[in-house]
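Have a look at the structure below, then the notes.
Derivation of every value follows stated rules applied to the coordinates shown; laboratory data play no part. Predicted model only: the values in this text are computed from it and were never measured. Backbone-built Cβ (ideal geometry, glycine too); neighbour counts: all protein chains shown.
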Amino acid sequence: MTEYNDEYWMRQALQLALRAQEEGEVPVGALLVLDNQVIGEGWNRPIGRHDPTAHAEIMALRQGGSVLQNYRLLNATLYVTLEPCVMCAGAMVHSRIRRLVYGAPDVKTGAAGSLVDILRHPGMNHQVEILSGVLAEECAATLSNFFRMRREQQKALKLAQRTGLDKNPD
């Protein structure tokens, strides 16, 4: 059996991020791997599911727990295109994954070292190994392109509304 590397798995997570984007969600993808096999995958879906916890990481951890029939995901590695938030980092601690590998840092809300470090906090009952920056440029570009496109859509919508108002002499 082929042993895949971190870049390989991150490329798979990037494909999941594009699924989120296709659904109008922030493009973040996550893949949970154990013994060189995918046991969980997820992409951001809080808007479509009306669920604030439907982040890519949570979706992947839930699926992994279901596959293993255990909430403890010992020795698993979670690949995520964006540094996890506090909620997702807390779920990783509770699930007892061994490693987190992420692409782009999140300086505003990142909980794996950028803003806070939940995963390696000495007070936690479990600590997670972290590898950051895997395909960081591609991961960051996916997010930047999404937000640029969203801003352009908002600008076009406002312009269309203004133009529509100008033509309607009520």
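Points 7 angstrom from Cα along the Cβ direction at MET124 and GLN161: gap in nanometres?
It is 4.1 nm.
Please list, by residue number, everything in region 19-39 whose backbone N is under 13 Å from a paramagnetic label point 7 Å out along Cα→Cβ of MET1.
33-39
Which value in nm describes the separation of the simple spin-label points at GLU152 and SER114, placed 7 Å from the Cα toward the beta carbon?
Roughly 2.3 nm, to one decimal.
Have a look at the chain and give its Rg and Dmax from the Cα atoms, expressed in angstrom.
Rg and Dmax of the chain, Cα atoms, are 18.3, 71 Å.
Give me the Kirkwood hydrodynamic radius of region 81-170, using the inverse of the mean 1/r over all pairs of distinct Cα atoms, in Å to one decimal.
Value: 15.4 Å, from the Cα pair sum.
With all pairs of different alpha carbon atoms counted, what Kirkwood hydrodynamic radius in Å does region 95-135 show?
Computed over Cα pairs of region 95-135, the Kirkwood hydrodynamic radius comes out at 10.6 Å.
How high is the FRET efficiency from GLU22 to THR53, r the C-beta distance, R0 22 Å, rounded to 0.05? Working shown, then result.
Working: r = 21 Å, r/R0 = 0.95.
Efficiency, rounded to the nearest 0.05: 0.55.
Please determine, in degrees from 0 to 90 and to the nearest 10, the orientation of helix 86-95 with respect to the longest principal axis defined by the Cα atoms of the chain, where the helix direction is its Cα long axis.
30
Report, in degrees rounded to the nearest 10, the 0 to 90 angle that the Cα long axis of helix 56-68 makes with the longest principal axis of the chain.
Tilt of helix 56-68: around 40 degrees.
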